[in-house]
1. Checking the condition among the small types (Gly, Ala, Ser), in contact (Cβ under 8 Å) with a residue 12 or more places away in the chain and over 23 Å from Val212 (Cβ atoms), which residue from Gly110, Gly119, Gly99 passes?
2. Mind listing whichever residues of the stretch 83-112 are surrounded by fewer than 15 Cβ atoms within 10 Å (Cβ to Cβ) and small (Gly, Ala, Ser)?
3. Look at Gly48 and say whether it is farther than 26 Å from Arg219 by Cβ and in a loop (DSSP other than H, G, I, E, B).
4. Mind counting the residues in the stretch 73-82 that are touching a helix residue (DSSP H, G or I) at 6+ places or on another chain (Cβ under 7 Å) and either without any contact (Cβ under 8 Å) to a residue 60 or more places away in the chain or open to solvent by 30 Å² or more (accessible area, probe 1.4 Å) (or both)?
5. Would you mind stating whether Phe179 is open to solvent by 70 Å² or more (accessible area, probe 1.4 Å) and not small (Gly, Ala, Ser)?
6. Would you please name the residue that is least open to solvent (accessible area, probe 1.4 Å), looking only at residues in the stretch 113-156 that are among the charged types (D, E, K, R) and in a helix (DSSP H, G or I)?
7. Only one of these conditions is not met by Phe91: (1) closer than 27 Å to Asp229 by Cα; (2) touching a Gly at 6+ places or on another chain (Cβ under 9 Å). Which number is it?
Amino acid sequence: MELAYIPSPSRGVLYLGPVPLRGYAFCIIIGVFVAVWLGNRRWIARGGRAGTVADIAVWAVPFGLVGGRLYHVITDYELYFSEGRDWVDAFKIWEGGLGIWGAIALGAVGAWIGCRSRGIPLPAYADAIAPGIALAQAIGRWGNWFNQELYGRETDLPWALHITSAADGRVPGYYHPTFLYESLWCVGVALLVIWADRRFKLGHGRAFALYVAAYCVGRFWIEYMRVDDAHHILGLRLNNWTAMIVFLLAVVYLVVSAKKRPGREEIVEPEAASDGETAGDGEAEKEDKAGKAEKADKSEKADKVASSDSPGEAKELKSGTGAKTKTGTDAKAETDAKAETEAEAEAETEAEAKDKAGTGTEAESAGKKS
């Protein structure tokens, strides 16, 4: 008897009257909202406008869903087009089956369309939403738990996943919860990208490339543990080869981009930059108007002083503005008068001294003659 394990839900869908509420679909929807929310915060921090990420996501998300479904159907075509299968099931996306490789590839096409309409560089947008995509994948993987799919080999670990369904070839038992491994790995990837972006100021698509490379590393070993049917090439599952190839492409892009275009984009959204310039021009215009108004007010007061018919009125108008000037003039006149008085006194003193000297000389001369 197993003492600890992760139970699987008894059902992956609830009905609200005739409306089915599927756990898989809810996980995808919640993941999209988280990706847009985080992407919006990062976009604003880089100088973009609020709401731009959501507007572009209107293009990217539908393209991504179609791309993810196409990749799944093409790589697992026998589930829909082999004998005894109904090809209409290929359109039942709510039953599960989305390939992340196709979702990212075609989602990028949708994002490119949205970015092009606004004059926004796609790499800058990709950098902003990269951690959000990783978190969306982390949340979306719980949809596989609701559907009891994509588990690993049998195990007796305490965190083993208990599969109870026997549909579509499943064998009830305890297996590695690869959905949980990938979910936790994606959370780690999101944190890694956020840290590296702050530490190294990643730009021109390098934050997104780091997300891709890091995700591929985790996907390789997690994919290696899975036991569901898949195409094999040289002993490896198809998704293992895809992970290796995409990883190499991401690393090459990181190296080449860092050499050719170091640093980060200064302007990520031209419309936001022009809004900032307009706001700056508006402030300068207000200051200029305030200065002109002040000058006009002073000129008006001067005109009133010059044109006043009453000397008293003119004196009253001047009293406020010319008090300091008048005080300074009086002080100067007082100083000049004191200086003039002192000069006259000094001159008189010198004259008296000369007179006395002359009188003494004459008396001395008379004494000699006598």
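1. Gly119
2. Once the filter is applied, which keeps residues that are surrounded by fewer than 15 Cβ atoms within 10 Å (Cβ to Cβ) and small (Gly, Ala, Ser), the stretch 83-112 yields only Gly84.
3. Criteria met by Gly48.
4. 3
5. no
6. Asp127
7. The number of the failed condition is (2).
Quick grid of which residues meet (1) open to solvent by 30 Å² or more (accessible area, probe 1.4 Å); (2) polar (S, T, N, Q); (3) under 20 Å from Ile194 (Cβ atoms); (4) not in a loop (DSSP other than H, G, I, E, B):
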residue	(1), (2), (3), (4)
Leu21	yes, no, no, yes
Gly31	no, no, yes, yes
Trp37	yes, no, yes, yes
Pro62	yes, no, no, yes
Leu70	yes, no, no, yes
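The values are calculated or read from the model by the stated rules, or taken from the named source; none is laboratory data. Remember, it's a predicted structure, so these values are computed and weren't measured experimentally. Here the Cβ is made from the backbone with ideal geometry for all residues, glycine too, and neighbour counts use every protein chain on show. Accessible surface is based on the protein model in full, side chains and every heavy atom, while ligands, DNA and RNA are left aside. Shrake-Rupley method; radii C 1.70, N 1.55, O 1.52, S 1.80 Å.
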